[in-house]
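Here the structure comes first, spelled out in structure tokens, and everything after it is commentary.
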Amino acid sequence: MSSVLVIDFGSQVTQLIVRRVRESGVYCEVAPFDKADRALDEKHPKAVILSGGPASVGDPGSPRAPQRVFSLGVPVLGICYGQQTMVAQLGGRVEAHHKREFGRAEIEVSGQSPLLEGLWPLGTRDTVWMSHGDRVTGLPPGFHVLAQSESAPFALIADEERRFYGTMFHPEVVHTPRGAELLRNFTQVIAGIRPDWNMKAFRAEAIRRIREQVGSGRVICGLSGGVDSAVAAVLLHEAIADQLICIFVDTGMMRAGEAAEVVSLFRGHYSIPLIHADASGLFLSRLQDESDPERKRKIIGATFIDVFADKAKTAGDAEFLAQGTLYPDVIESVSALGGPSAVIKSHHNVGGLPERMHLKLVEPLRELFKDEVRELGRELGLPESFVGRHPFPGPGLAIRIPGAVTREKLAILRQADVIFLHEIRQAGLYDRIWKAFAVLLPVKTVGVMGDDRTYEYVCALRAVTSTDGMTADSFPFEHEFLARVATRIVNEVKGINRVVYDVTSKPPGTIEWE
């Protein structure tokens with residue numbers, strides 16, 4: 001399958017380049033700049049994209065693309081820092097630390113190119129998203145200008161003969177409305193790559209690779225109740241049938257009814273061998289009186305591993321452990337420059353592979369993003385109610401209860417969460433929202449209900465919209481909707497007498513968010 005390689009210089013939005021290219025039907029992968037030589041040898045890409053990054057080209061030791069990129073004979077597109085290092089490496093000039101340009105800007109198209117085919121005719125003015133402190137001030141031999149902005153005279157440049165292109169703006173973000181079309185022109189018009197990346201093709205290839213890796217061996221798959229592990233399990237079962245056994249560690253921290261749904265789906269619908277380890281009592285006992293959020297996550301992770309390892313002993317002589325690792329996890333684990341990729345994902349991950357188990361890893365989803373996993377789940381026949389479920393963190397409700405976790409608090413939170421999500425579904429809003437949930441705050445307030453004075457918890461509601469999980473805004477509920485939800489929660493959930501709605505937005509590039 002023809003592919004595009006993105007060389008990462010540490011941009012907060014490198015993942016979005018990969019996503020936009022894949023969305024157009026072209027397969028794409030990313031490699032950090034210091035591992036790009038090896039990736040070029042292994043992948044033999046048909047085109048290369050140089051990402052943005054936080055460094056300044058003029059700084060000593062600032063990162064560069066492998067010089068061989070420019071002699072491979074394949075098209076190259078440099079984005080922001082990627083444009084700057086390309087210009088510098090090919091003999092042009094870059095001015096360091098000039099007047100910064102962040103946010104929306106207007107470009108004017110002054111040249112013609114296959115890159116702009118069907119996109120921006122000569123003389124067009126359009127909005128793009130800038131994020132740079134340096135800029136190109138002199139072009140290398142062979143380049144000419146395609147567009148400029150007020151602060152960037154070389155906002156879009158091209159060397160048509162060598163098929164080298166550079167943009168000061170970021171076409172991968174949604175704030176550049178026609179950026180996805182520019183990337184599609186680069187991969188399909190300039191590079192001539194066929195858009196043959198789809199889930200049907202991935203499914204067949206993944207099954208072939210699983211069978212090749214596993215052979216006649218047995219595989220243990222840990223189920224968390226989330227979409228990723230469920231899709232991985234169903235894919236593995238289709239590939240190796242009864243060589244697979246699943247272990248579902250029930251932490252007692254899941255949403256209402258989800259543990260029973262997991263058991264019913266895998267034992268009943270798919271007839272996949274499943275060990276159900278109800279360890280809710282153990283998790284609660286180890287979390288007793290613990291209020292520090294990081295400590296809670298570590299306790300849950302360590303307990304999960306202990307229970308999983310113990311149950312794995314009853315699964316026979318397994319050689320492999322399957323995990324629902326996704327491509328963002330892979331990218332972050334190999335990042336060379338920090339930024340979002342340096343964030344330790346303790347927020348969502350509850351544990352890793354215990355070395356004492358001596359099992360080989362099988363990661364059938366490691367090339368996919370979250371939305372692609374959902375698409376694969378549909379391809380595999382998983383019910384939409386499961387595939388389309390809002391994301392849920394590994395530590396579960398424990399991190400939606402700031403402070404100590406108790407059975408009483410879990411029961412109160414589940415009831416409030418059920419009401420909130422039920423009303424969202426009844427209003428036809430569930431699929432318009434990226435994630436919605438309730439939080440039980442460690443605060444009690446005095447209230448009067450009828451003739452009684454109450455002293456009960458405050459519940460916070462959170463709902464956000466997002467296209468990719470990189471940025472998000474609070475969902476704009478109507479006042480009447482929030483009033484209805486709040487009234488139901490206060491009336492029906494004993495233990496809550498006040499409800500608030502959180503309208504905080506998620507800034508660009510932030511990885512973790514709950």
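Note down the accessible area of Trp129, probe 1.4 Å, to the nearest 10 Å². Trp129 exposes around 60 Å² with every protein chain in place.
Would you list Asp134, Asp59, Asp242 from the most to the least accessible area, probe 1.4 Å?
Values: Asp134 10, Asp59 65, Asp242 105 Å².
If we order Asp134, Asp59, Asp242 from most to least accessible, we get Asp242, Asp59, Asp134.
Close amide H partners of Thr137, meaning residues 5 or more places away or on another chain with modelled amide H under 5 Å apart, are Arg93, Val94, Glu95. Summarising the amide proton neighbourhood of Val30: residues at separation of 5 or more, or on other chains, whose placed amide H is nearer than 5 Å comprise Val6.
Only Lys, Arg, Asp and Glu count, each charged at its Cβ (+1, +1, -1, -1), so figure out the dipole size of the chain about its Cα centre, rounded to 20 debye.
Numbers: 58 positive and 64 negative charges, 72 e Å.
For this selection, approximately 340 debye.
In the full protein context, the chain carries 42 Å² of accessible surface per residue, based on a 1.4 Å probe and ignoring ligands, DNA and RNA.
Pairs spanning more than 24 Å between alpha-carbon atoms, out of Lys311/Lys409; Lys298/Lys409; Lys370/Lys435; Lys296/Lys370; Lys200/Lys435: Lys311/Lys409; Lys296/Lys370; Lys200/Lys435.
At a 1.4 Å probe radius, which order do His170, His237 fall into by accessible area, largest first? List each step's numbers first, then the result.
Details: His170 15, His237 40 Å².
So, going from the largest accessible area down, we get His237, His170.
Under 5 Å from the amide H of Leu368 lie the amide H atoms of Tyr327, each residue being 5 or more positions distant or on a separate chain, with H modelled from the backbone and absent for Pro and chain starts. Within the shell of other residues whose beta carbon sits under 12 angstrom from the beta carbon of Lys200, the net charge comes to -2, with Lys and Arg scored +1 and Asp and Glu -1. Between Ile207 and Ala411, the contour length at 0.36 nm per residue exceeds the Cα-Cα span by 69.4 nm.
How large, in percent, is the carbon and sulfur part of the accessible surface of the chain at a probe radius of 1.4 Å? Walk me through the numbers on the way to the answer.
Numbers: 10740 of 21770 Å².
Summing carbon and sulfur atoms, their accessible area is 49 percent of the total for the chain.
Taking each residue as 0.36 nm, the span from Glu150 to Gln426 lengthens on full extension beyond its C-alpha to C-alpha distance by 94.5 nm. With the charge dipole of the stretch 115-255 set up from +1 on Lys and Arg Cβ and -1 on Asp and Glu Cβ about the Cα centre, the Cα lying farthest toward the positive end among the listed residues Phe143, Thr124, Gly222 is that of Gly222. Relative to the longest principal axis of the C-alpha atoms of the chain, give the angle of the C-alpha long axis of helix 370-379, reported between 0 and 90° and rounded to the nearest 10°. Computed tilt is about 70 degrees. Note on Val231: accessible area is roughly 0 Å² with a 1.4 Å probe, heavy atoms of protein only. The helix-based estimate of mean residue ellipticity at 222 nm for the chain, built from -39,500 (n - 2.57) per DSSP H run of four or more residues and divided by its residue count, is -9000 deg cm²/dmol to the nearest 500. Helix 407-426: angle to the longest alpha-carbon principal axis of the chain, degrees 0 to 90, nearest 10? That works out to roughly 60 degrees. Counting only heavy atoms of the protein chains and using a 1.4 Å probe, Ser71 has close to 90 Å² of accessible surface.
Each label point was placed 7 Å from the Cα along the Cα-to-Cβ direction; for His44 and Arg453 their separation is 8.0 nm. Summary value for the chain: 11 percent relative contact order, contacts being C-alpha pairs under 8 angstrom separated by 6+ residues.
The values are calculated or read from the model by the stated rules, or taken from the named source; none is laboratory data. Computed from a predicted model, the values in this text were never measured in an experiment. Positions of Cβ are generated from backbone atoms using ideal geometry, with glycine treated the same way; all protein chains shown enter the neighbour counts. Surface areas here come from the heavy atoms of the whole protein model, side chains and all, with no ligands, DNA or RNA. Shrake-Rupley method; radii C 1.70, N 1.55, O 1.52, S 1.80 Å.
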